[in-house]
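Please read the structure below before turning to the comments.
Quick note: the coordinates plus some simple rules give every number you see, no bench work behind them. What you are looking at is a predicted structure, and each value in this text was computed from that prediction instead of being measured. Don't worry about glycine lacking a Cβ; one is built from the backbone with ideal geometry, like all the others, and counts go over all protein chains shown.
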Amino acid sequence: MHPGAAAVSSLPSAADREQMSLRTPAAGDLAQAAAQVAGDLLTPTAPVRLTDVVPMPEQVRPEPADDHHLAADTVIRVSSGTTALAVAEHLAALLRPATGYPLPVTGTADPKPDSGIVLALTGDDALGAEGYRLAVTRAAVRITAATPAGLFHGVQTLRQLLPPAVESRTPVAGRWVLPGGSIVDRPRYPYRGAMLDVARHFFPVADVLRVIDHLARYKLNHLHLHLTDDQGWRIAVPGWPRLTTVGAATEVGGGSGGYYSTADYQRIVAYAAARHITVVPEIDLPGHTNSALVAYGELAPDGVTPPPYTGTEVGFSYVDPASERTYEFIADVLGEVAANTPGPYLHIGGDEAFKVKGATYTGFVERVQRLVAATGKTVVGWHQIAPAAHTEGRVLQWWGTNGDDPATAEAVRHGARLILSPGNHAYLDMKYAPDTPLGHDWAGLIDVRRAYDWEPGSHIADVPAEAVLGVEAPLWTESVTSLPEIEFMLFPRLPAIAELGWSPRSAHSWAGFRERLAGQGPRWAAAGITYHSSPEIPWPPTPAEATDPVPTPPATTPATPTTDPVTRPANVATTPATDPVSGTAPIPTQTTPETATDPV
Ligand code: TNX
């Protein structure tokens, strides 16, 4: 086990949580501790190599003689055009805090490749909608792409080529070296996503923005928000105020829930768009609707308002498929969500509607599909909607655990495409191991290798590889209650799914992936990201461990609470956790609002 991992499996009690928050140190202490650890990280035990990037790029050609040093007078030059300028500003804002360099951004009609950092939009169509080229020489670092999205992905690669301390939000003295050589890169699949269930537990906007940053790092380009479920309704809909005054006031376990106002939702969508991420909103129908029925009993099959539900069972609730009022409601909801969603998709759920069967179910789904079409959007639904008639562009999201489903294969023959989220590989709410303090195990345990080692192109029987639109890693949140807990379930498995979606199959290698993933740990630590120190991954020793001739015993207790402001499960370690040798404080997992999300 990595020394940062603490082998304690029970969740803290409410009293423990309160104690932990009472021990929160002053902000200045935290900043100092973070700067100290980030300083250690600037001198990693091994220099970053061009081949260390996650997800693995399509082509990598190292030129060790061509390392590039950033300097206090480095300038970021960008081909004129506001969209490319925005990417350059994003890059500058990522690099300024740790380097302390001013990194001015200048727009020019013809950015020369001869010095500093250059971002240029070119007509290089071979790179497609999201590809980029990155060339690192002693003189310059040059990213070119046909689109701003391509430049943005190139920027994420550039970021990973700098030492982990680049993730520090405070200045770190040192040498900022990028390994020389060139990369040509573009994604395998157009759809690469993650889902956050904000219905079982509600998460404030700031948490969602930070999750968006996590997706961006790994070149994921879709955020699926599961906005409604039995335990809570999370999106405001004009004309249906009780959805938010009543339906939103609950969550699993009895907490007070919450919801996104129209402005909140628009903020999430805009923040995602600035990172070239498309939001896919889900309104789960006809089941998983208890919160809507609590708000509007008229939508319930017998017109009787049910009590609020804060447990974790599924399949008991449904809106009345025989009532016209139901379809008026759905048209209003979908119309409102569509109006605030620039992306092409509306997700209509369709899973686990155990009480709406056969022709009633397919008739309901077909009618809702028509309502989606009327908004101008394309339908996405969980693969249970497969038996309903095909509608133009329809996308099914596969979450089964056995890739043999004739109904899904038949829907594909009629033109449906698939997003693959197999429950036994891509479900981030499954436990890593039997003692994981959060999550379920109904689809099995999912360690990092299980998340990584499957092939989307041939996963479903009788479905051709061309029908696969991409992959998505869903995080259901029955047991997940806070941002550190979200991160603990995402890291390190999210990058595994991201690599399946981005990298060519020829690059697939568990042996290689686990080595590259190991290099991400110090980056997460420097960024204050909580992660699971999976024993399968050869995490690098901290600098103190590397120079210490005396082997240190693995930590068996959680990080020292006096310096840890975060309430989290006891073995949710922010690594490097408290260093047993030097007593260095852990980097705080939760930072101030200003630093909680990436800049720009
Ligand atoms: C199944 S997968 C569900 C969700 C639960 C999840 C828990 C799917 C489409 N539905 O309602 O949250 O299992 O793992």
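Using the scaling law 2.2 N^0.38 Å as the reference, what is the normalised Cα Rg of region 311-462? My calculation over the Cα atoms of region 311-462 gives 1.13.
Based on the Cβ-Cβ distance from Ala389 to Ala465, what FRET efficiency comes out when R0 is 30 Å, to the nearest 0.05? Efficiency computed from Cβ-Cβ geometry: 0.75.
Out of the chymotrypsin sites (Phe, Trp or Tyr not before Pro) in region 229-300, which ones are loop residues according to DSSP with at most 13 other C-beta atoms within 10 Å? It would help to have the intermediate numbers written out before the result.
Values: sites: Trp233, Tyr259, Tyr260, Tyr265, Tyr271, Tyr296; in loops: Tyr259, Tyr296.
Taking region 229-300 and a limit of 13 other Cβ atoms within 10 Å, no loop chymotrypsin sites (Phe, Trp or Tyr not before Pro) are found.
Extension gain, Thr51 to Thr401, is 122.7 nm, computed as 0.36 nm per intervening residue step minus the present C-alpha separation.
Our summary of shape: the Cα atoms of region 313-377 have principal axis extents of 33, 26, 16 Å, ordered from largest down, in whole angstrom. Rounded to the nearest 20 debye, the dipole size of region 310-390 about its Cα centre is 200 debye, using +1 on the Cβ of Lys and Arg and -1 on the Cβ of Asp and Glu. Coordinate range of the alpha-carbon atoms in region 291-338 per principal axis, descending: 30, 23, 17 Å.
Pairwise Cα separations in region 118-261 fall into 10 Å bins from 0 onward with the following percentages, short to long: 11, 28, 24, 19, 15, 4, 0.
Would you please give the FRET efficiency between Thr360 and Thr245, computed as 1/(1 + (r/R0)^6) with r the Cβ-Cβ distance and R0 = 41 Å, to the nearest 0.05?
Working: r = 31 Å, r/R0 = 0.75.
Once rounded, the FRET efficiency stands at 0.85.
Between Glu328 and Arg413, residue separation times 0.36 nm minus the direct Cα-Cα distance comes to 27.4 nm.
Please identify every one of the GluC sites (Glu not before Pro) in region 331-420 that sits in a loop by DSSP and has no more than 11 other beta carbons within 10 Å of its own beta carbon.
On the way: sites: Glu336, Glu352, Glu366, Glu392, Glu410; in loops: Glu352, Glu392.
For GluC sites (Glu not before Pro) across region 331-420 that sit outside H, G, I, E and B with at most 11 neighbouring Cβ atoms in 10 Å, the list reads Glu392.
For the modelled label position 7 Å from the Cα of Glu298 along Cα-to-Cβ, which residues of region 308-346 have backbone nitrogen atoms closer than 15 Å? What the label zone holds, given the 15 Å backbone N cut-off, is 320, 323-333. Over all orientations, region 43-98 has a Cα convex hull whose mean projected area works out to 5.9 square nanometres.
What is the packing order of peptides 495-503, 422-430, taking the mean over residues of other C-beta atoms within 10 Å and listing the highest first? Mind showing how you got there, number by number?
Values: 495-503: 26.8, 422-430: 23.7.
Top to bottom by mean Cβ count within 10 Å: 495-503, 422-430.
Please report the antiparallel percentage of the DSSP beta bridges confined to region 40-181, to the nearest 5. The partial results should precede the final answer.
Details: 8 of 21 bridges.
Close to 40 percent.
Taking the square roots of five times each eigenvalue of the Cα gyration tensor of region 410-495, the equivalent ellipsoid has semi-axes of 27, 12, 11 Å, listed largest first. Stretching the chain fully between Ala65 and Thr83 yields a gain of 3.2 nm (0.36 nm per residue, less the alpha carbon separation).
Let's see if you can work this out: charge +1 on each Lys and Arg Cβ, -1 on each Asp and Glu Cβ, no other charges. What is the dipole magnitude of region 240-397 about its Cα centre, in debye to the nearest 20? Present the calculation step by step, with values, prior to reporting the outcome.
Values: 10 positive and 16 negative charges, 69 e Å.
Taking the Cα centre of region 240-397 as origin, the dipole is about 340 debye.
Tell me which trypsin sites (Lys or Arg not before Pro) from region 55-138 have a DSSP coil assignment and no more than 12 other beta carbons within 10 Å of their own.
Numbers: sites: Arg77, Arg133, Arg138; in loops: Arg138.
Answer by residue number: Arg138.
Under 1.5 on a/c is rounded, so check that first for region 351-421, then, if it is not, pick prolate when a/b is larger than b/c and oblate when it is not; a ≥ b ≥ c are the square roots of the alpha carbon gyration tensor eigenvalues. Cα axes put region 351-421 in the oblate bin. Counting only Cα atoms, the size of region 178-278 along its three principal axes is 57, 28, 24 Å, in decreasing order.
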